[in-house]
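A.B. asks: The structure follows.
All of the numbers you see were taken from the coordinates with simple rules; none came from a lab. Quick caveat: nothing in here was measured; it's all calculated off a predicted structure. All Cβ positions, glycine included, derive from the backbone under ideal geometry; neighbour counts span all protein chains shown.
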Amino acid sequence: MSAEPTAPAPAPSDFIRDIVVGHVAEQRYAKIVTRFPPEPNGYLHIGHAKSICLNFGIAREHQGQCNLRFDDTNPVKEDVEYVDSITRDVRWLIAGWADQCLGFKPKGAHPGRTTVNGQPDYYLGPVAPDANSEAFFASDYFDQLYEYAVELIKRGKAYVCDLSAEDTEKYRGSPDAPGKDSPFRHRSVAENLDLFTRMKAGEFPDGARSLRSKIDMASPNMWLRDPLLYRIRHVAHHHAGDKWCIYPLYDYAHCLSDYLEGITHSICTLEFVDHRPLYDWVLENLGLPRALPHQYEFAKLNLAYTLVSKRKLLTLVTEKVVSGWDDPRMPTLSGLRRRGIPASALRTFVTGVGVTKFDSLTEAAVFENAVRGELNTAAQRRLAVLKPLKLVLTNLAAGETVECTATNNPQDENPTTRPIALTREVFIETDDFAEVPPPKYFRLKPGGEVRLKYACIIKCDELVKDAAGAITEIRCTAQLDTRHGQPNADKKVKGTIHWVSATNCLDAEVRLYDRLFTVAEPAAEEDFLKVVNPKSLEVVTAKLEASLATAKLDDRYQFERLGYFALDPKDSNVGSPLAGGPRLVFNRTISLKDTWAK
RNA sequence: UGCCUGAUGGUGUAAUGGUAGCACAGGUGACUUUGACUCACCUAGUCAUGGUUCGAAUCCAUGUCGGGCAGCCA
């Protein structure tokens with residue numbers, strides 16, 4: 001329908017993309033393959049969105065692939081609950097944008113044995129997501145990882161160490177002082193092989209021994225001081241079952257997982273810069289036949305007024321500061337989704353902040369701007385009154401209705417309309433009337449005139465107050481000839497306010513959210529619970545125009561002059577045949593920008 | 001007092017030896033049946049000191065300040 005498609009956004013550019021573009025130019029790889037590798041031990045948040053968009057974005061820009069891989073090497077922290085939520089969140093975020101790049105693997109598949117240049121090899125390539133496929137799991141590589149560890153031992157590059165965790169730490173030294181060799185560092189290959197086999201067989205208790213790389217205990221890089229490759233943990237694994245009692249550590253498993261999947265660019269955050277030499281060490285000391293993946297690091301996202309620490313987010317949930325991981329105030333993808341934030345707005349935002357190695361703090365306004373921008377074009381305009389004040393149009397008869405026409409979305413090229421009926425009694429926003437108006441007040445005041453949006457100009461004639469002096473009703477005259485198409489339609493007044501017919505409207509619960517914290521950097525606080533915004537949620541019973549009775553879960557609405565709203569997918573009861581009709585619960589995704597100084 | 005890494009308007013980010021640009025925020029105005037949107041204009045920056053060069057945000061040196069690293073977490 002739309003004649004001119006919006007100009008495609010310019011392809012983002014950053015130092016990592018520049019590297020990839022260079023590799024593509026020199027045809028270093030047959031295909032660009034990235035990966036998004038969360039550990040299934042918590043919910044994805046807005047910080048992950050940056051990584052997801054970077055990895056999928058790069059794959060997308062080069063007709064490549066981005067594997068979703070669960071980095072599940074620590075069974076004591078992980079659970080399938082997280083596997084499910086993470087999968088759902090990733091698919092939601094990339095839907096309609098990079099679905100074609102999402103790499104899954106056949107259900108239950110493990111790396112296959114192949115031969116490359118006469119050398120044995122393992123590889124597990126991607127397939128498109130469907131009913132018979134699933135995400136990749138590092139735990140599917142435990143067999144290969146074990147085999148590689150044996151190879152490292154045979155090459156004299158790894159040894160079984162009997163030091164306790166405490167002694168291992170002591171031997172490691174400190175950043176400004178070299179460590180010293182473990183007394184077990186020079187065990188024979190045969191003894192190491194025997195001990196490692198018995199570790200796997202379950203002969204030793206947790207922590208009794210470990211498999212360590214043999215690198216350099218005096219290295220200025222702490223991560224090269226014979227880091228552990230395997231630890232003993234007699235626990236079942238959520239994905240691998242009870243087959244193993246030794247589990248590989250991140251630095252050992254990650255680079256090899258990347259290799260097994262044919263990852264070309266392994267992108268992670270800055271705290272892993274120090275690990276990169278280890279990443280390369282493992283790969284280079286195994287004599288692998290295919291091209292090796294390489295690690296690149298970027299600065300994680302820091303957003304003002306938000307917290308992304310898993311531990312602290314969990315505290316918010318357990319202390320019931322919020323209703324759950326998907327509370328619309330949470331920075332989790334499930335929370336943002338429930339709040340009504342479109343995935344496209346999240347993508348626009350995270351790609352907009354760019355990718356650098358600078359530890360920055362992004363202002364909340366940047367995020368809010370991206371959300372409003374997206375919603376402005378997508379949202380259907382509706383009239384709703386959050387804090388109702390009754391207004392009587394004294395020159396309209398009690399049963400009389402005046403048909404008016406409202407525009408659904410003025411941003412559309414050919415906006416559609418809907419009818420709304422003006423009646424004698426309407427509700428206006430309490431804030432839109434002031435008995436004693438502040439300077440520059442455009443709205444209704446005693447004796448003043450204002451336009452009821454889509455209807456006509458009204459004049460305030462008198463106030464009705466209760467015994468306590470509170471205003472209970474405003475009585476006005478409707479100037480019906482100022483309606484659209486009427487002789488005085490062009491009459492100008494400074495203010496236009498929204499309204500809802502009092503006799504033909506819907507009640508709805510509306511949840512108004514504000515930022516969860518009162519300070520820009522809650523993470524820097526000694527006690528972040530002390531800076532929780534006590535007014536982060538306000539619940540009101542609003543009056544909605546009748547057409548909202550058929551509101552849909554997936555639709556986005558702008559309640560005019562108020563903000564963008566979406567049905568709460570959990571608590572709304574849409575289209576239910578219940579006698580009382582649907583239960584409507586709206587979340588305010590974000591308010592409209594308000595440049596009128598308060 | 002070790003190693004790694006970084007520093008460009010208020011914020012975020014471009015410019016890879018040749019005109020310091022963009023976005024957000026802020027300000028002014030236009031338009032407006034949303035104090036929204038849109039549009040126009042304005043404000044505001046290369047951490048410091050030296051050096052190389054015709055020319056430096058960019059290269060070199062030194063310094064300052066920030067972030068990361070001593071899990072059998074990822």
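A.B. asks: Can you find, among A:Pro227, A:Val33, A:Phe56, the residue farthest towards the positive end of the dipole of chain A? Put +1 on the C-beta of Lys and Arg, -1 on that of Asp and Glu.
C.D. replies: A:Phe56
A.B. asks: Between A:Tyr123 and A:Val540, what FRET efficiency follows from the Cβ-Cβ distance if R0 is 45 Å, with the result rounded to 0.05? The partial results should precede the final answer.
C.D. replies: Values: r = 58 Å, r/R0 = 1.28.
With a Förster radius of 45 Å, E is 0.20.
A.B. asks: Now for a separate question. Based on the alpha-carbon gyration tensor of the stretch A:218-340 and its eigenvalue square roots a ≥ b ≥ c, which shape applies: rounded if a/c is under 1.5, prolate if not and a/b is larger than b/c, or oblate? Provide the component values of the computation, followed by the final result.
C.D. replies: Numbers: a/c = 2.13, a/b = 1.67, b/c = 1.27.
Taking the square roots of the gyration eigenvalues as a ≥ b ≥ c, the stretch A:218-340 is prolate.
A.B. asks: Enter the angle in degrees (range 0 to 90, nearest 10) between the Cα long axis of helix A:80-94 and the first principal axis of the Cα atoms of chain A, meaning the one along which they spread out most.
C.D. replies: It works out to around 60 degrees.
A.B. asks: Over 27 Å between C-alpha atoms is what I'm after, so list which of A:Lys31/A:Lys107; A:Lys357/A:Lys530; A:Lys310/A:Lys535 land there. Please list the in-between numbers first.
C.D. replies: Numbers: A:Lys31/A:Lys107 23 Å; A:Lys357/A:Lys530 31 Å; A:Lys310/A:Lys535 23 Å.
Over 27 Å Cα-Cα: A:Lys357/A:Lys530.
A.B. asks: Any chance you could run the full-extension gain for A:Lys530 through A:Trp92? It's 0.36 nm times the residue separation minus the Cα-Cα distance, nm to one decimal. Kindly include the intermediate steps, with their values, before the conclusion.
C.D. replies: Values: separation 438, 0.36 × 438 = 157.68 nm, distance 3.33 nm.
Length gained, A:Lys530 through A:Trp92: 154.4 nm.
A.B. asks: What FRET efficiency do you get for A:Lys300 and A:Lys390 if R0 is 51 Å and r is their Cβ-Cβ distance, rounded to the nearest 0.05? Mind showing how you got there, number by number?
C.D. replies: Working: r = 51 Å, r/R0 = 1.00.
Once the sixth-power term is evaluated, E becomes 0.50.
A.B. asks: Which of the lysines could a cross-linker bridge to A:Lys390, judged by Cα under 21 Å and excluding same-chain residues fewer than eight apart?
C.D. replies: Filter leaves A:Lys445, A:Lys453, A:Lys459, A:Lys465, A:Lys543.
A.B. asks: Can you tell me the dipole magnitude for chain A around its Cα centre, using point charges on the Cβ only (Lys, Arg +1; Asp, Glu -1), in Debye to the nearest 20?
C.D. replies: Working: 75 positive and 80 negative charges, 162 e Å.
With Lys and Arg at +1 and Asp and Glu at -1, about 780 debye.
A.B. asks: I've got another one for you. Which one, A:Ile263, A:Val20, A:Leu195, is farthest towards the positive end of the dipole of chain A when Lys and Arg carry +1 and Asp and Glu -1 on their Cβ?
C.D. replies: A:Val20
A.B. asks: Report, in debye and to the nearest 20, how large the dipole of the stretch A:1-143 comes out about its Cα centre when Lys and Arg carry +1 and Asp and Glu carry -1 on their Cβ. List each step's numbers first, then the result.
C.D. replies: Values: 13 positive and 19 negative charges, 64 e Å.
Its charge dipole is roughly 300 debye.
A.B. asks: Compute, for the stretch A:139-185, the length of the dipole vector about the Cα centre, with Cβ point charges of +1 (Lys, Arg) and -1 (Asp, Glu) only. Units Debye, rounded to 20. Don't skip to the answer; put the middle values down first.
C.D. replies: Values: 7 positive and 10 negative charges, 63 e Å.
That gives a dipole near 300 debye.
A.B. asks: Where both residues lie in chain A, what percent of DSSP beta bridges are antiparallel, nearest 5?
C.D. replies: Numbers: 68 of 94 bridges.
That works out to approximately 70 percent antiparallel.
A.B. asks: Further question: Between the DSSP loop rule and a limit of at most 16 other Cβ atoms within 10 Å, which trypsin sites (Lys or Arg not before Pro) in the stretch A:15-83 are left? The partial results should precede the final answer.
C.D. replies: Details: sites: A:Arg17, A:Arg28, A:Lys31, A:Arg35, A:Lys50, A:Arg60, A:Arg69, A:Lys77; in loops: A:Arg28, A:Lys31.
Qualifying residues, ordered by number: A:Arg28, A:Lys31.
A.B. asks: Among A:147-160, A:402-415, A:289-302, A:437-450, how do they line up from the highest to the lowest mean number of other beta-carbon atoms within 10 Å?
C.D. replies: A:147-160, A:289-302, A:437-450, A:402-415
A.B. asks: Under 11 Å from a label point 7 Å along Cα→Cβ of A:Thr503: give me every residue in the stretch A:425-463 with its amide N that close.
C.D. replies: Residues A:425-426 qualify, since their backbone N sits under 11 Å from the label point.
A.B. asks: Give the separation of the Cα centroids, the stretch A:495-513 to the stretch A:326-350, in Å.
C.D. replies: Cα centroid to Cα centroid, the span is 25 Å.
A.B. asks: For chain A, what does the relative contact order come out to in percent, with C-alpha contacts under 8 Å and a separation of six or more? Intermediate values should be presented prior to the final figure.
C.D. replies: Numbers: 1163 pairs, mean separation 65.6, N = 598.
Across chain A, relative contact order equals 11 percent.
A.B. asks: Then there is this: Suppose the chain between A:Asp431 and A:Ala549 were pulled fully straight at 0.36 nm per residue; how much longer would it get relative to their current alpha carbon spacing? Could you put the intermediate results ahead of the total?
C.D. replies: Numbers: separation 118, 0.36 × 118 = 42.48 nm, distance 2.52 nm.
The A:Asp431-A:Ala549 span can extend by a further 40.0 nm.
A.B. asks: Using +1 at the C-beta of Lys and Arg and -1 at the C-beta of Asp and Glu, which of A:Tyr123, A:Thr73, A:Gln100 has the Cα lying farthest in the positive direction of the dipole of the stretch A:65-157?
C.D. replies: Projecting each Cα onto the dipole axis, the largest value belongs to A:Tyr123.
A.B. asks: Also, quick follow-up: What is the extension gain from A:Asn221 to A:Thr377, computed as 0.36 nm multiplied by their sequence separation minus the C-alpha to C-alpha distance, in nm to one decimal? Walk me through the intermediate numbers first.
C.D. replies: Numbers: separation 156, 0.36 × 156 = 56.16 nm, distance 5.12 nm.
Value of the extension gain: 51.0 nm.
A.B. asks: Is the shape of the stretch A:422-466 best called rounded, prolate or oblate, per the rule: a/c under 1.5 gives rounded, else a/b larger than b/c gives prolate, else oblate, with a ≥ b ≥ c the square roots of the Cα gyration tensor eigenvalues?
C.D. replies: Values: a/c = 1.76, a/b = 1.24, b/c = 1.42.
Judged from the Cα gyration tensor, the stretch A:422-466 comes out oblate (a/c at least 1.5, b/c at or above a/b).
A.B. asks: Take A:Asp206 and A:Glu26, extend 7 Å from each Cα along the Cα→Cβ direction, and tell me the distance between the two endpoints in nm.
C.D. replies: 4.7
A.B. asks: Give the shape of chain A as rounded, prolate or oblate, defined through the alpha-carbon gyration tensor: a ≥ b ≥ c are the square roots of its eigenvalues, a/c under 1.5 means rounded, and otherwise the shape is prolate if a/b is larger than b/c and oblate if not.
C.D. replies: On the way: a/c = 2.93, a/b = 2.47, b/c = 1.18.
Prolate shape, in that a/c is at least 1.5 and a/b is the bigger ratio.
A.B. asks: Compute the angle between helix A:189-201 and the longest alpha-carbon principal axis of chain A, please, reported from 0 to 90 degrees and rounded to the nearest 10.
C.D. replies: It works out to around 40 degrees.
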